[in-house]
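Notes to accompany the following structure.
Read the figures in this text as sums done on the coordinates, not as results from a lab. Not measured: the values here are computed from a predicted model. Heads up, the Cβs are rebuilt from the backbone with ideal geometry, glycines too, and the neighbour counts pull from every protein chain shown.
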Amino acid sequence: MKAPRAVAFDLDGTLIDSRLDIVAACNHTLARAGRAPLSAEIVSTFVGDGVRALVARAFGVPETDAPDPQLDAWCEAFIAYGAAHPATHTTWMPGALQALDALAGLPLAVVTNKARVVALAVLDALGGRSRFGFVYAGGDGLLKPRPDPVVAVARAFEVDVERVWVVGDAEQDILAARAAGATAVAVRGGFHDDARLQAASPEVILSSLLELPALVQRAAS
């Protein structure tokens, strides 16, 4: 593994434990439509492919990027609630702040499929936005697992994409990194299980973000 010249972190399940706030936004949206709430376990399985996919799954309707007034309205309600309640329950994941502190000498980015307004609101609420020189989020273009977000990080920091490390808890992160030609680093303990992470073939799987600085140091030496 080549030493990174930039590190791009996924947000939900990687840097932050936002599960309960995502569930709250989902169930708020369902309630507005007269639907019954869903459990945290079920909603967590919907996370990873952006707001539109999550909301479509929650309502049991087809996932489509085509204009759909009803789905559009549900997505707007979900985003509005998330932006108004960005971190009621959300906290940093174990080891996240320590890893960010240790890697502060590198250009750091957030690459998330979360809606941009919500992602920025969460980072502001946690006092973390200033740690990142670039944020790519839902609404900025094609989402993970497409390579576009990772390529955007390389362009923003003016580094070769193969020297970008993508750190995430989901197969979308790993597949986006691989498609871009970047280094894929998986982290256990997020929203997705080991089987899916392993199937995506990351270069390495970490048990915690606490292990990331040492991995970077080994690659640099």
Magnitude of the Cβ-charge dipole (Lys and Arg +1, Asp and Glu -1) of the chain about the Cα centre, nearest 20 debye, reported as 220
The residues Lys2, Lys144, sorted from fewest to most surrounding Cβ atoms within 10 Å, come out as Lys2, Lys144
A student applying the Cα gyration tensor rule (rounded when a/c is under 1.5; otherwise prolate if a/b is larger than b/c, oblate if not) would label the chain prolate
Highest mean packing first, using Cβ neighbours within 10 angstrom, the peptides 15-22, 63-70 sort as 15-22, 63-70
Phi angles of the range 127-142, converted by Karplus (6.51 cos²θ - 1.76 cosθ + 1.60, θ = phi - 60°) into ³J(HN,Hα) in whole Hz with x for Gly and Pro, give x, x, 5, 5, 6, 10, x, 7, 10, 10, 9, x, x, 8, x, 4
Over the range 113-221, the quotient of the Cα radius of gyration and 2.2 N^0.38 Å is 1.06
Once the mean of 1/r over all distinct C-alpha pairs in the range 1-85 is inverted, the Kirkwood radius in Å reads 13.9
Of all DSSP beta bridges with both partners in the chain, the antiparallel percent, nearest 5, is 10
